[in-house]
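Remarks on the structure that follows.
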4 protein chains.
Amino acid sequence: MNLVQHFTEVRAYTEAICQPLTTEDHQVQAASFASPAKWHLAHTTWFFETFVLLPYMPGYEVFHSDFNFLFNSYYNHAGERVARTHRGSITRPGVQKVYEYRAYVNGAMSRFIKDTPEEEVCNLITLGIHHEQQHQELLLTDIKYMLWQNPLFPLYHADTRLLDNERNEKQGFVSVEAGVYDIGFQDTGFCYDNELGVHKVYLHDFEIDQGLITNGEYLEFINDGAYSNFDVWLDEGWSWVRENNIGAPLYWRFIDGEWHQFTLKGLQRVVPDEIVKHISFYEAAAFAEWKGMRLPTEFEWEVAAQKLHWGKRWEWTNSAYLPYPNFSRAKGAVGEYNGKFMINQMVLRGASIATSPNHGRKTYRNFFHPNYQWQFTGIRLVK
Amino acid sequence: MNLVQHFTEVRAYTEAICQPLTTEDHQVQAASFASPAKWHLAHTTWFFETFVLLPYMPGYEVFHSDFNFLFNSYYNHAGERVARTHRGSITRPGVQKVYEYRAYVNGAMSRFIKDTPEEEVCNLITLGIHHEQQHQELLLTDIKYMLWQNPLFPLYHADTRLLDNERNEKQGFVSVEAGVYDIGFQDTGFCYDNELGVHKVYLHDFEIDQGLITNGEYLEFINDGAYSNFDVWLDEGWSWVRENNIGAPLYWRFIDGEWHQFTLKGLQRVVPDEIVKHISFYEAAAFAEWKGMRLPTEFEWEVAAQKLHWGKRWEWTNSAYLPYPNFSRAKGAVGEYNGKFMINQMVLRGASIATSPNHGRKTYRNFFHPNYQWQFTGIRLVK
Amino acid sequence: MNLVQHFTEVRAYTEAICQPLTTEDHQVQAASFASPAKWHLAHTTWFFETFVLLPYMPGYEVFHSDFNFLFNSYYNHAGERVARTHRGSITRPGVQKVYEYRAYVNGAMSRFIKDTPEEEVCNLITLGIHHEQQHQELLLTDIKYMLWQNPLFPLYHADTRLLDNERNEKQGFVSVEAGVYDIGFQDTGFCYDNELGVHKVYLHDFEIDQGLITNGEYLEFINDGAYSNFDVWLDEGWSWVRENNIGAPLYWRFIDGEWHQFTLKGLQRVVPDEIVKHISFYEAAAFAEWKGMRLPTEFEWEVAAQKLHWGKRWEWTNSAYLPYPNFSRAKGAVGEYNGKFMINQMVLRGASIATSPNHGRKTYRNFFHPNYQWQFTGIRLVK
Amino acid sequence: MNLVQHFTEVRAYTEAICQPLTTEDHQVQAASFASPAKWHLAHTTWFFETFVLLPYMPGYEVFHSDFNFLFNSYYNHAGERVARTHRGSITRPGVQKVYEYRAYVNGAMSRFIKDTPEEEVCNLITLGIHHEQQHQELLLTDIKYMLWQNPLFPLYHADTRLLDNERNEKQGFVSVEAGVYDIGFQDTGFCYDNELGVHKVYLHDFEIDQGLITNGEYLEFINDGAYSNFDVWLDEGWSWVRENNIGAPLYWRFIDGEWHQFTLKGLQRVVPDEIVKHISFYEAAAFAEWKGMRLPTEFEWEVAAQKLHWGKRWEWTNSAYLPYPNFSRAKGAVGEYNGKFMINQMVLRGASIATSPNHGRKTYRNFFHPNYQWQFTGIRLVK
């Protein structure tokens, strides 16, 4: 697929995700860790305007001079910006205007790409495409979280892909032998800077489950009283459980004697054979402790990946998000992409049902704070 | 004006206020003390549905069974409700649906009123009309606060009534003689329960300014360094100044060597002869102390009112919001209207340029916490 | 009693209050609203040193040059100071050194007073004596609160005066007739600036209870479920109850099927005939609402005082703490004594069993925020 | 050294550390992350009473039945306890009583050890001894932090060992070759459970500095404006700097044009050739980024240790505190010692001038949250 086609398809997919939303749905920021759909639509566009068109397209004129301030996310290099918690308060430009902004930048980008820019610039465009794909997943999870605030439990869409009823294709443990393994991205094609620098890691023997933990297994954990048994929790996890009164995965509600979960298709019964999701790292670690097993490291996961069916859940590893040997931050704004977040976050490997097509790969390092539940996160065990 | 006409006009005026708003503008809650325009539109409607139509109109069917939960404000008697800080997260029903809700209830109310309900019910309807007028003022002040969040300083409307450039018609002090005066509502027509119970109050001699403090006078206070002089502030006011880094009225910005203020018509220069607004009680009290004068009590204000031109600002008094002798809360939800807020708030008298026509009267007791600035509040002095 | 004798007796009484304390007891600050005993001992001494000896005694040398910074409370005029929440962290000077500081200042003061200072200075000394008496009451209540933190419920003292078992000498309502009354301090002798300025207030007829509410009456309120009935609470009071999980007066514990209260003599059973204490304003107001009565205003209380037995509890009134007509703050540090606190606090009248001898008078205006319970506060009703 | 002698010496050293303290110094908790000296004295004693004497010494009688509640730290298995932030409010038992408690338990322990307990119990005693040594270091750092609260900058002691003026004996980088190395405790003698499980780790080539960063080098970082240059900070580190207004290591004060630091011997000038200390992980990581180098991993450090002079500072590594392969928590309270803290903390290797004699070893894994500065922490770089 050539670059202009890739660009066009990914850009269109973002809008397809937002197609079922009302104008009001586009506007709201339901939590400080989430962003309005309108903001995602604009920010991904701002990325191309700021990092590609402005510096490299001769004669490019910005769509609106205030949009840099409004739609910068966290790039200190790119100047002042609206506070993260405040994104939902900006009503103007409206949703329609943001779609016009997208069309304007899409047009300019198409013309620009057809003039065959230099490789360095093509790489920036590819980065922008993958950046947009990351936001596509966040869009879906932020939309779900936003609709969940509504006591009416509204539907996002009736699309079966979003039924959220994935099951394991296989279960049972497979072995990996001890030895020195190469870790990091070795393919051709795109990857993020945090996957680069192939390096060796020594792994001891381990066995890893081909299947992810199911709702049924997780219900055993709940029904065994694990949420009130300090023994299986990390100390911070135990505080998190008590302070937030946690007793089940995010989106679960016990109604009329039965567990239900809120999905993008509305409220559904919890089906035991389906794979559990919306699990914090604290919960994943507690579940593993309760089960007498452990979570894999990100290196174990990467080496075992070829033996696993993965891609339904982001899977918590017991690795902290830290730089690979020889990692160094790029200069300037693009260097803020990954490196500055390498503290107090845990690595997730895999991909989820909300991940955009062709956006997952086995070396991909996702990362979140250990208390977050709003991504499609799950549990895989090692013994 | 008959009741159905009064009802219809007031209901229409609410929608006129919202007419310049985009759908996105309707949705946002810019602060915990403010509410989305959509919520105001729905909540005022819910009031009529819940307290008039449901109990008194035979065969009335609610527009939607979930709206009670969504649009109750603070009436514990009327059941569970969405948390106040959370009103901006409810995207569905959308704005259009809320206007349909208004039309539906308006239709039912018109039919109901034409059947000449009993006086007790007419009184409830009148209460609902005045309740809606209160929300009209809040609508305007919440819209202003919401647009202020936007670094683009967008316009609300070009209506000259909203130019915010009021001046004093008269200035200079007038005297009131000592004596026992009657306080409280003595007219016919509507008033709130907190104005009832005419009672006697002894007042000592005082002189009160016919004019309100102007921007020019307030600039002297600023330029004299009063915001960094603890001596003129109440202890809590001094903490408020330092913690919130206050140095001017809300909406003022010092740009290119000149003071500007954000108005419903956008950013304007501060004109010295115009009346200052968006003043907290802390600021009003500090200004009075700095000037060597004091704020009036609400009783002094009420007695002097006939000698004053008032209606441009809500005027802070130095009276705490407390019950009049013989005040007692009504039973049920309507009894929650006023009485339960009688603590830690200060009384404001008068009315403002944002007050709805025919909604002000000299016995009206408005009340806010001493730190709030987002109403059109001003300062009148007594010596 | 002459001034030097008055000074000497009051100073000695402060130390008598602290006599049962260990060194460790002297050091601790158990809450941000309380202060360490060591700090009270030093601060009351600092008052005399700073406002009397330094400005007026020729050749006086300060005990230690850093003590002004350490023991200033809230006087902005007197310079920088240790943050209020931080008083408990200052271990040096130690307790013994603070007693030496007291002795040093006592010696200087005695010599100074014998030289018959001018009346203005005598008034300052008298203010210092009454200031110290205020701190004596705070000492007792802060000590009680500090010991309560300890799960061992330690004793302060076996002194019967502190048995906390006061009963009403009389009960039943007495009437006061409507009319214009004079309010404010009219005696000779000392009073605070906030009592000055005799002025007229019109009162309507009322009847006031000669007795204070007892534990038994308060138990009826509890047992009627009032702590979970929003209807009787002010809105802020209801939030306070739920956020702090309040279900009884401070110091009450339900143990083995019976209500107990922590006292300065340790844990005791709650005796129904004794007068209830450690009640917040929120609780007092809710109790009155539940009973279908109300709290008196401070003016009603002052006029009725001669008909009442008072002095066992500080009694919450339904008056906010505001200036009397013609009140103005004195210049300089002494002017910070009262005026700057006249916002968001409620007036208490009377005196308590913890009030120092000869420190109460019927015009005395005590004031606290409506959530505080740690003073010996009670309830008197009006109908 | 036999066990009874080891026990006796370590116990005596704790008291030697506290010898310069006043009673008041013993009582205070200056921050939620610190504990009162009295609490350290009691808690280390409680450890022996609870985990050794009570379960294993026939006929042992507890010193006081309430001390378990008072002096448990974080062992959920050992029952309810006083909240961590609340330790400074417990004035009784007093300091003297806690020393009696120590003597009582010391006596019982000596008799008990002489009866040659089984190896499992000896191991528990050894754990208790090392636990007490950990608290000895915390005692010193908590005392320093407590005295720092005092604007008088009081001295702890004139002991030259505490002059805080360590210098590097060597500087310059040494190389370590790539390969598979064994990590973890392989000696005889004591270690914590988190060091156990010797396992292989692959390391790439690296060069590590034999010297630690000095004050002079750190001053270059400060003088280059690094505290206001977001580019060198982790995102969380940058927030930490701005929210806490950080501009230098803890205990530094710029006075009269010169940098000073508060030490256990009082305020001293910052000497450029001495080794910098009281550095957070955020600062260490920013310094490394600014220098174009990086921090070592804990594995690199352990392998390089034999080539380094270490023991003056705890050295931040860029390794998160996570379990070694095959780590599993012991059952019961002792299992709470380490494992439950393995989240959101960074590993420090080495030892500091405050570490007790014979308490450091090259496999020791210390760990703190990345914002803490109050330990004697420093920076070593790798390239």
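Structure data summary
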item: Per-region count, the range C:111-166, residues among the polar types (S, T, N, Q) and closer than 21 Å to residue C:45 by Cα; result: 7
item: Looking only at the range B:218-228, and only at residues there that are touching a residue at least 60 places away in the same chain (Cβ under 8 Å) and out of contact with any helix residue (DSSP H, G or I) (no Cβ under 6 Å at 6 or more places or on another chain), the one that is least open to solvent (accessible area, probe 1.4 Å); result: B:218
item: Lone qualifier among D:354, D:330, D:286 - being over 19 Å from the mean Cα position of the chain (by Cα), farther than 16 Å from residue D:209 by Cβ and part of a loop (DSSP other than H, G, I, E, B); result: D:330
item: Counted residues, the range D:52-87 - those being in a helix (DSSP H, G or I) and open to solvent by less than 70 Å² (accessible area, probe 1.4 Å); result: 10
item: Enumeration of residues in the range D:94-108 that are open to solvent by 50 Å² or more (accessible area, probe 1.4 Å) and in contact with a Lys or Arg (Cβ under 7 Å, 6 or more places away or on another chain); result: none
item: Within the range D:169-204, tally of residues that are outside any strand (DSSP E or B) and out of contact with any Asp or Glu (no Cβ under 8 Å at 6 or more places or on another chain); result: 15
item: Of the criteria (1) in contact (Cβ under 8 Å) with a residue 12 or more places away in the chain; (2) at the interface with chain A (Cβ under 10 Å from one of its Cβ atoms); (3) assigned to a helix (DSSP H, G or I), which one residue B:47 fails; result: (2)
item: Residue in the range C:126-142 that is of a type in the set (S, T, N, Q), loosely packed, with under 15 Cβ neighbours inside 10 Å and in a helix (DSSP H, G or I) present; result: no
item: Residue B:326 being out of contact with any His (no Cβ under 8 Å at 6 or more places or on another chain) and either closer than 28 Å to residue B:261 by Cβ or within 14 Å of chain C (Cβ to nearest Cβ) (or both); result: no
item: Failed criterion for residue C:69 (all others in (1) touching a residue at least 40 places away in the same chain (Cβ under 8 Å); (2) of a type in the set (A, V, I, L, M, F, W, C); (3) touching a Pro at 6+ places or on another chain (Cβ under 8 Å) hold); result: (1)
item: Top-ranked residue in the range A:257-282 [being out of contact with any helix residue (DSSP H, G or I) (no Cβ under 8 Å at 6 or more places or on another chain) and over 25 Å from residue A:310 (Cβ atoms); ranked as most open to solvent (accessible area, probe 1.4 Å)]; result: A:269
item: Members of the range A:230-256 that are open to solvent by less than 60 Å² (accessible area, probe 1.4 Å) and not in a helix (DSSP H, G or I); result: A:233, A:234, A:246, A:247, A:248, A:249, A:250, A:251, A:252, A:255
item: Search result, residues across the range C:13-44 that are in contact (Cβ under 8 Å) with a residue 24 or more places away in the chain and in a loop (DSSP other than H, G, I, E, B); result: C:20, C:21, C:28, C:29, C:30, C:31, C:32, C:33, C:34, C:35, C:36
item: Total residues in the range A:130-175, condition under 19 Å from residue A:269 (Cβ atoms) and aliphatic (A, V, I, L, M); result: 6
item: Qualifying residues in the range B:288-323 (those that are basic (Lys, Arg) and open to solvent by 10 Å² or more (accessible area, probe 1.4 Å)) - the one nearest to the other protein chains (Cβ to nearest Cβ); result: B:294
item: Matching option when the condition is under 13 Å from the mean Cα position of the chain (by Cα), within 30 Å of residue A:287 (Cα to Cα) and either within 14 Å of chain A (Cβ to nearest Cβ) or open to solvent by 10 Å² or more (accessible area, probe 1.4 Å) (or both), among D:368, D:341; result: D:368
item: Number of positions in the range A:188-209 that are open to solvent by 30 Å² or more (accessible area, probe 1.4 Å) and over 24 Å from residue A:322 (Cα atoms); result: 1
item: Failed item, numbered, when residue B:333 is tested on (1) in contact (Cβ under 8 Å) with a residue 40 or more places away in the chain; (2) away from chain C (no Cβ under 11 Å); result: (2)
item: Checklist (1) open to solvent by 20 Å² or more (accessible area, probe 1.4 Å); (2) within 25 Å of residue B:199 (Cα to Cα); (3) small (Gly, Ala, Ser) applied to residue B:332, failing item; result: (2)
item: Per-region count, the range B:189-248, residues β-branched (Val, Ile, Thr) and within 14 Å of chain C (Cβ to nearest Cβ); result: 5
item: Per-region count, the range B:157-187, residues modelled with pLDDT under 90, open to solvent by less than 40 Å² (accessible area, probe 1.4 Å) and of a type in the set (A, V, I, L, M); result: 1
item: The range B:1-23 - residue that is within 13 Å of chain A (Cβ to nearest Cβ) and farther than 19 Å from residue B:70 by Cβ and, of those, least open to solvent (accessible area, probe 1.4 Å); result: B:21
item: So residue D:360, is it under 22 Å from residue D:74 (Cα atoms) and in contact (Cβ under 8 Å) with a residue 24 or more places away in the chain; result: no
item: The range A:110-125, subset modelled with pLDDT of 90 or more and β-branched (Val, Ile, Thr), residue surrounded by the fewest Cβ atoms within 10 Å (Cβ to Cβ); result: A:121
item: Candidates B:147, B:124, B:140, B:196 - the one that is within 21 Å of residue B:297 (Cβ to Cβ) and not small (Gly, Ala, Ser); result: B:196
item: Count - residues of the range A:84-102 that are more than 10 Å from every other protein chain (Cβ to nearest Cβ) and within 22 Å of the chain's Cα centre (by Cα); result: 3
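The values are calculated or read from the model by the stated rules, or taken from the named source; none is laboratory data. Quantities reported herein were computed from a predicted structural model and do not represent experimental measurements. All Cβ positions, even for glycine, are placed from backbone atoms using ideal geometry, and neighbour counts span all protein chains on display. All accessible areas refer to the heavy atoms of the entire protein, side chains included, with ligands and DNA or RNA removed. Shrake-Rupley method; radii C 1.70, N 1.55, O 1.52, S 1.80 Å.
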